[in-house]
Amino acid sequence: MGRLSCYTRNVRLHRSLHALLALLLAAPALAADDAIPNLFDYGMTQCDGIYDESVAASTGSPNFTIKVVDRAISSTTVVFYNSGFRVGRKPHVGGNSALSPTVLLLHLDEAAGVAVDSTTYGNTTSKTGGLTSPDGQTDFGKALYWDADDHLQIVKSASLNSTTEQMTFQTWVYPNEDPLTTERTIFQWGDDGGARGPYLRLRTNGSLYANMVTTDGVTHDLYSSPGVVPLNDWSLITLVYGNLGGGTKFASIYWNQTLVSSRNAGAMAPLRVSDHLYIGRNGGGGSNAWRGYIDEVRVLNMPLSQDAITSDWWGGQFVFRTTTTASIPSTIWYLGASSYTPAAYDGSHDTHTFTAVQVPLKPGVNNLRFMFQDMAGNTVTQDRSITVSLAAPLPPSASSATPLSAASINWTWEASPRLCTGGSYLYFPCSNTAPLVTGIGNLYYTEAGYGANSLNCRQIGARTMYGDSSLTTPTSAYTYPNPASAIYSSYHTTGSFVVSWNVNSNPGYTRWEMNLSTDNFVSYSTPIVVTANHVLDSKALTGLQPATTYYVRLRAINGSGGDYSTLGSLYSAYVSSTILTVPQPGLLVGTAQGLSSILWTWSAYPSAQEYVLVSSTGGTLVRTQQTSFLQTHLARNTEYGATLRIRNASGFSPDSNQALIFTLADVPGPITVTSASTESIGVSWLANGNPSTSTVYDLFIATDTGFAGNVSTRTVSQSSLLLSGLLPSTLYAVRVRAVNGNGVPTAPSAAVTQRTYDVPSISSTPAPSSPYIPDGSAVGVWHFDEGSSTRAADSSGFGHHALLTCLDAHCISTPTFTSGMEGLGTAVQSRGVTNSLSLVSHTANLAGTGSMTVAAWVKPLTSAQVTNASIVQKGVDANESFGLGLGVCAAPRTSERCWRFFVRDSITPATYLASLTSTQSMNVGLWTHLLGVYDAGNRRMALYVNGVVSSAAASGAPAARIGNAFPLTIGNGQYNASSYIYPFNGAIDDVHLISGRAFSAAETATFYASYRSSEVVLPSPNAFTHIIVPPNAFGGAATIMVSSDPVRRPITVPVQTVLDALANPPTAHAMVPGTLIEVIANVGGVPFTGNLGSSASVSLPYPDADSNGLVDNTHPPMPASSLVVYTLDESVARWVALPTTVDTASKRAIGLTPHFSIFAVYGPSGIRPDVSSSFVRPNPWQPGSGGPFDSATFNGRSGIVFDNLPVTGSVKVFTLAGELVADLPFEATHVGKLVWDGRNKGGKLVASGVYFGYVKSSEGGATVLKFAIER
């Protein structure tokens, strides 16, 4: 046979919507199934197994598929029922699913004597005679059986009468009278009288005879050929009357699916169908009663088409031709259930897929018909035309290549569309007319023998007996590359090496990929990426880590580095190697171990095989596997250097850093005093072998022989020094140490002491005791003098600084600084807010469990304090080591708050609380000093208020208090290690915590007294100078020094600065003789130059032997009441007045100063020796005017002033008429100024006018001053 190819247009089948729309518009709420099944997804599978919906092409035996869907359609008002798909011979459905033209449907499945109309019309039926109901044909249930003059009557009805213009009568019959003895009636309307209507009979010759009786009584006969209806077999008989769309009515008889008789019925009157319908007999009885079976009677008021009747006979048919011989009829395949896969119903769609397998088509044009029907009887038909022709095969549609190895490729291709039985494939090299291989029956071919990563090209053709196809488009492919056969490394450094490899027969265009890892490829980098097209056989890797083992793996990728159109994607296997970088020496460190040795140390390297230490002067010091070397026999304080090299498997590292280090210096020899003066001490010492070129010396100078206080340092390179700028009359301790070239000092030498010489005019005395001098056992001292910060420094030396904080994100207030008690600077203020506090982190020396003393100044702001408000506390509620705060007063004052001190027992802290409560109530707004004492050894406790014991327990206190690691808190206490809920509302100042020592009553009193300002009286020759020092003046121990002759014997202020100041006294002031002094504070041998913590008072006497209020030996006299203490601003050599108080009883001027310097007492020189320079001001006097001539003010009085008066005398005021208005005496206390308020002797204000002032001195001089008053 030749090759057959068939082509057809692809037609998707869709249901017509127009008829459906009409039905939707006209149908009742419940509509019948009048929707024909929908055909779609038609396709054809060619002989080579390819399925294509778009192009139907095949050889002579294709497979066909088509889907059939029976749908139920609905709208808002209409429902079309889905009757389901009808396969083979099945009874049609009735009820709501029946075709709407159906007016009668009898399944005849009931018992004998009963027949039910299955349409919605429910026509009335009755049976007569001995009709029985045996089983009918398969799938149809029972049937009625006639064996005598029996009949089935359907009572006339409007529905039956609706068939008058068009009608279909259909039924299955089984005649079993053999031979037929007379005509047998299948149905008849009416009886044999004048009312007889259409009827249908089987004649004795086996033909069908119908008489279409019309309303005009005319009969219209139809006859089929004889022998049409076989005996003893089932036949489908259909009588059709009506117009099938051709314009003319026809009456036709069908036997099964075959038209056996037909006539034109265009001129016929309507059918006479108004009487009863009889099945199996004439209406009037007689001998024509049926013999045999009748089943599935169906009457429709429409004519059925031949396709519908064909499908009624067999639901589902496929019709085609297998030959070109016209006399041979078409082949009909009657489709059974096995022809449809699958059959599924989803609630509205009954979907079936019909498959016709290997349909034997004929060459040329083929007409195919697909017929399907649903259970209601709706029929769909699809006709297709397919042309089958002969042709050579087409080439395979596509080919591809899959490399299998470095030497083989598997070539594959798609099947040729026309290559069926007897065809094969051809295998060509590209651009070659001769095939390499022929007769290939598969769709692949594997060729071996290629070179590694070689480019190969092939084409495929198809061959049948009708010729060869054209070739496929050329397909090219590279084989796999070979893996590299070896990896090498060279040029190793600390951060790089070169990797090279053997390409192993790969061509020079082969690209490579490299991975680099330090953890065996758990993670890795890719120094050579595929897209870099690296075709060389080496790669330099840089940026590496020294002394590191690198894992290198390499693989080749097929394709050509220069051929971007065929980049390839196939890799060879990996080839791996490990490569070690050269070490990079770490920091070489030299540490002087003594006067003659240095320890060289370095970091270890896991890959190191040897360490080589090289001297900076040349030569190897040591080759070792250790990481240190002690170099000995060296000179003291001499510089030595070295470098380090490391060797591993890859070679030597570069040199490390050059480490340079000095050996240690020796402690200098004994220090001796070589000279001394009032302000200097000369010292010298032995170098003790330390070289002068690299040794420097630190000299420490202090007034404390233990060098615990202020210590000053001088650094020199020689072995002697004159210490200048010292204070006179001061004992200094001096010691020296050597420092080597690296700044490493030796231990200090033994100290030498020397007192500077005394100066007759300079005397000194220690400053009074102060709480700013911490107790030796103090572990925390917080003065809160910062003024502004979130940190309060600890002055104990332990660094337990307090953080002013709030531990609540919504806290409304953190502690702030406020004014402290006089002489104590600032204090910290808490507002009684939860979680607001000053927090001191826990350290070991705050966790003592033995004796202790805790003290604080407090100033409550309100009486509304929380119970157990905390001032100082270590630990949390029920686990405190100690606490100082507030508690409930003893009865009957339980509504009040008293001071409280407690400790908790170390063994049973939760139950054993030793607590003391003061007898005094809390005083709001007043500063109160609290001090709590716990004596572990004597198991006693005491609470002091303002230096006096308020509550004590002589025994019964715990032997030890609990220790804890909780913070120390000031101003709040913690509850159960959570929130701080015991806030104190008030100010807190000068908190002291003493560990290991309990103050005695005497110590407590002294400590309390130290908070008062103290008067210091200098010894001779400065006993006249008194200084009142506040407790926080210097912040530590000090010595106060005074010089009564700062011009010739100053302490620190340069003489020229003093002379410049004396040359520029305050305006109109003169110095009180003998009051010029210099005051300094000696703190550790160094003048205290800053501002004092609080102002001090300098008290200087003035001479007034006769107690007349005038300073003795002043000309003109200087009233004592006007004296002012001045201090010298050394930066500009100017005098600055201090707030001054004159104590006329003790004859002292007392100035309040913020710092120490030069001080002197000045007074005004307003008193004149006579009246020659006296004057009056303002003139004219305009009292209340607010202008320049308004009243003058002096010593608190306002009015008109008679100025430059002598010591004593009087002023008499006269009018122009000579009338005495006022007599005003004056004396020394008026300081040369007399203020008149303008009132006469009677106390009344004088009028405006011109007046005379007669000024007379007690010494006898007089003058007259003229002035005016303008009111």
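Read-outs: derived from the displayed coordinates by stated rules, not from any lab. It should be emphasised that the depicted structure is a prediction, and the values quoted were computed from it without experimental measurement. Glycine gets a Cβ as well: all are built from the backbone with ideal geometry, and neighbour counts include every protein chain shown.
General observations
- Relative to its Kirkwood radius, the Cα radius of gyration of the range 645-685 gives an Rg/Rh of 1.60.
- Panel note: the C-alpha atoms of the range 969-1030, placed on their principal axes, show extents of 64, 27, 14 Å (largest first).
- Cut-off under 5 Å, modelled amide H: who pairs with Gly283 long-range: Asp192
- Convex hull of alpha carbon positions in the range 991-1073: directionally averaged projected area 9.0 nm².
- For Ile762, Ile981, order by how many other beta-carbon atoms lie within 10 Å, fewest first: Ile981, Ile762
- Members of Lys1212/Lys1233; Lys90/Lys249; Lys90/Lys142; Lys1147/Lys1241; Lys90/Lys156; Lys127/Lys249 lying beyond 24 Å, as alpha-carbon distances in this model show: Lys90/Lys249; Lys1147/Lys1241; Lys90/Lys156; Lys127/Lys249
- Percent breakdown of C-alpha pair distances by 5 Å bin, ordered from the shortest bin, for the range 672-755: 3, 15, 28, 25, 16, 9, 4, 0
- Take the Cα of Lys1256, go 7 Å toward its beta carbon, and the backbone nitrogen atoms of the range 1227-1244 under 17 Å from that spot belong to 1227.
- The smallest convex shape that holds all Cα atoms of the range 703-819, its convex hull, gives 207 Å³ per residue.
- Gyration tensor verdict on the range 205-342 (Cα atoms; rounded if a/c is under 1.5, prolate if a/b is larger than b/c, oblate otherwise): prolate
- Amide H contacts of Ser729 (H built 1.01 Å from N, in plane; Pro and chain starts excluded): Thr756, Tyr757, Asp758, Val759 sit under 5 Å, all sequence-distant by 5 or more or on other chains.
- Ordering of 1217-1224, 233-240 by burial proxy (mean other Cβ atoms within 10 Å per residue, highest first): 233-240, 1217-1224
- Label-to-label distance, nm, for residues given as Ser525 and Ser225 (7 Å Cα→Cβ offset): 9.8 nm
- ³J(HN,Hα), Karplus 6.51/-1.76/1.60, whole Hz, each residue of the range 98-107, x for Gly, Pro: 5, 4, 4, x, 6, 10, 8, 9, 10, 7
- The phi-based Karplus calculation (6.51 cos²θ - 1.76 cosθ + 1.60; θ = phi - 60°) puts the 3J(HN,Hα) values of the range 176-189 at 10, 8, 10, x, 6, 9, 7, 5, 10, 7, 8, 8, 7, 8 Hz, whole numbers, x for Gly and Pro.
- Taking the square roots of 5 times each eigenvalue of the Cα gyration tensor of the range 477-547, largest first, gives ellipsoid semi-axes of 24, 14, 11 Å.
- Residues with amide H under 5 Å from that of Thr132, placed H, sequence gap 5 or more: Tyr145
- Percentage of interatomic Cα-Cα distances in the range 1080-1139 larger than 20 Å: 48 percent
- Helical runs assigned H by DSSP (4 residues or longer) give the chain a calculated mean residue ellipticity at 222 nm of -1000 deg cm²/dmol, each run adding -39500 (n - 2.57) before division by the residue total.
- When the Cα atoms of the chain are aligned to their principal axes, the ranges along those axes come out at 193, 105, 78 Å in descending order.
- Peptides 579-586, 738-745, 439-446 ordered by average Cβ neighbours within 10 Å, highest first: 579-586, 738-745, 439-446
- The range 1014-1164 pair-distance distribution - Cα-Cα, 5 Å bins, rounded %: 2, 10, 20, 23, 21, 14, 7, 3, 1, 0
- Label point of Val1055 set 7 angstrom out along Cα-Cβ; within the range 742-762, amide nitrogens under 17 Å from it belong to 759-762.
- With all projection directions averaged, the alpha carbon convex hull of the range 589-662 covers 4.5 nm².
- Karplus-derived 3J(HN,Hα), 6.51/-1.76/1.60, for each residue of the range 867-873, Hz, glycine and proline x: 4, 6, 4, 9, 9, 9, 8
- Translational diffusion coefficient of the range 1175-1269 (Stokes-Einstein, Kirkwood radius from Cα pairs, 25 °C, 0.890 mPa s): 184 µm²/s.
- Rounded if a/c under 1.5, otherwise prolate or oblate - the range 79-176, Cα gyration tensor axes: oblate
- Shape call, the range 496-613: gyration tensor on alpha carbons, a/c limit 1.5: prolate
- Given charges at Cβ of Lys, Arg, Asp, Glu: the chain dipole, positive-most of Pro892, Pro270, Ala32: Pro892
- P(r) tail fraction, the range 399-478 - alpha-carbon pairs more than 20 Å apart, %: 29 percent
- Share of pairwise Cα separations in the range 778-1003, more than 32 Å, in percent: 9 percent
- Note on Lys874: lysines with a C-alpha under 27 Å away, same-chain residues under 8 apart excluded, are Lys859.
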